[in-house]
Amino acid sequence: MELIHRPRRLRRSEPIRTLVRETTLSPGQLIAPLFIKKGRGLREPIDTMPGQFRLSADELVREAEELWAVGVQAVNLFGYSEVKDEGATESYNPEGVIPSAVRTLKKALPDMCVQTDIALDPYSIHGHDGLVIDGDVANDETVEVLCRMALAHAEAGVDWVAPSDMMDGRIGAIRDALDEKELTHVGILAYSAKYASCFYGPFRGALDSAPRKGDKKSYQMDPANVREALKEISLDIEEGADVVMIKPALPYLDIIARVSDEFDVPVAAYNVSGEYGMILAAAEKGWIDRDKAILEALLSIKRAGADMILTYFAKEAAGLLRA
Ligand code: PBG
């Protein structure tokens, strides 16, 4: 054949493929979500998420040191709480599970970018991200509690707070609350487009935080919607979000691509617990190659336009990337 263009020329060898590679994945772009529980020497396996653990603060330090050693320089902490009440009061206790773990971690590894989840579900008897008043998740009352929670975490030394609750107006309110206390250096990683997804199932087992009644569709987004995501993103940017997040990641790559095309802020994506579980399960069955599946999935999230990825594979993927 007389062909002018033979695209295969650029695929002939690994050095050539490396030269023309458009997307790269590196450990510094990964954020490890970790589950924290009060105690000492605790490394409790999570049934619904094999390979993930509930860690006490001392074990968190060990885990963070291992992450740091492979180049992962950011963690996102979720609290497991045995104390649950109507008002989710434990969520803003300065001596609670997260603020104390943050202080311990920051003492050991001051440069690690420490982020914390802001939402009431692990601390509320209802398992909802907000306060339940007259059977409804009450927006404005919830935002007040979220501000107190964010302040408790900020005062403990976090770099970023990460509100995952999807209440209206919470980014602006949290920004004001932080600034009023001269915590202007604390950033906000906003879960801006968070969908009402079945892929969070395993996570709720980790924190015993599944809603006791109903679902989260009155605040998390309808998986069918794109415009709504763009609106949520622009509102959060107006209100002061430093980084916006799309969640889950793999079933929403189109949203990640739209957002990174249309907005000039860093974009995060959350490769959630169910996405983790799917790879684990298929690999265990021998149906896919675990290492390759992890790297291909994470690369696709970056290719779609994410600058950073929260993933339970952070340590493993970093190890693979360095090998
Ligand atoms: C709760 C929260 C959830 C996740 C992160 N923050 C669960 C939910 O909204 O029910 C899910 C993360 C995952 O599945 O890995 N505010």
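The values are calculated or read from the model by the stated rules, or taken from the named source; none is laboratory data. Computed from a prediction, not measured in an experiment: that's the story for all the values here. Using ideal geometry, Cβ is built from the backbone for each residue, glycine included, and neighbour counts are taken over all protein chains shown. Note: areas computed on protein heavy atoms with side chains; ligands, DNA, RNA excluded. Shrake-Rupley method; radii C 1.70, N 1.55, O 1.52, S 1.80 Å.
Some points to look at:
- Segments 210-216, 283-289, 84-90 sorted - mean Cβ within 10 Å per residue, highest first: 84-90, 210-216, 283-289
- Taking every C-alpha pair closer than 8 Å and separated by at least 6 residues, the mean separation divided by the residue count of the chain gives a relative contact order of 18 percent.
- Three semi-axes of the equivalent ellipsoid, the stretch 145-218, Cα gyration tensor, whole Å, largest first: 26, 13, 11
- Cα gyration tensor category, rounded, prolate or oblate, for the chain with a/c compared to 1.5: prolate
- Here the stretch 26-322 carries DSSP beta bridges of which approximately 15% are antiparallel, counting only pairs with both residues inside.
- In Å, descending, principal axis extents of the Cα set of the stretch 36-163: 49, 31, 22
- Heavy-atom accessible surface of the chain: percent carbon and sulfur, 1.4 Å: 50 percent
- Expected 222 nm ellipticity per residue - DSSP helices of 4 or more, -39500 (n - 2.57), all of the chain, to 500: -12000 deg cm²/dmol
- Under 5 Å, built H, 5+ apart or other chain: amide partners of ARG54: GLU44, ILE46
- Our note on the geometry: Cα centres of the stretch 98-119 and the stretch 1-79, 19 Å apart.
- Added length on full extension, which subtracts the Cα-Cα distance from 0.36 nm per residue, GLU141 to ALA224: 27.0 nm
- Across LYS37/LYS315; LYS217/LYS292; LYS107/LYS194, pairs whose alpha-carbon gap is larger than 26 Å: LYS217/LYS292; LYS107/LYS194
- Kirkwood hydrodynamic radius of the stretch 213-323, from inverse mean 1/r over distinct Cα pairs, in Å: 15.1 Å
- Most mobile listed residue (ASP58, ASP264, ASP236) in the chain, GNM with C-alpha springs under 10 Å: ASP264
- Placing R0 at 22 angstrom, the Cβ-Cβ distance between LYS231 and LEU299 gives a FRET efficiency of 0.15 after rounding to 0.05.
- Within the chain, helices built from complete DSSP H runs that reach 24 Å or longer along their own axis (Cα positions) and carry a mean Kyte-Doolittle hydropathy of -1.0 or higher are 139-156.
- When each of the peptides 92-103, 293-304, 189-200, 114-125 is scored by how many other beta carbons lie within 10 Å of its residues on average, the order from highest to lowest is 114-125, 189-200, 92-103, 293-304.
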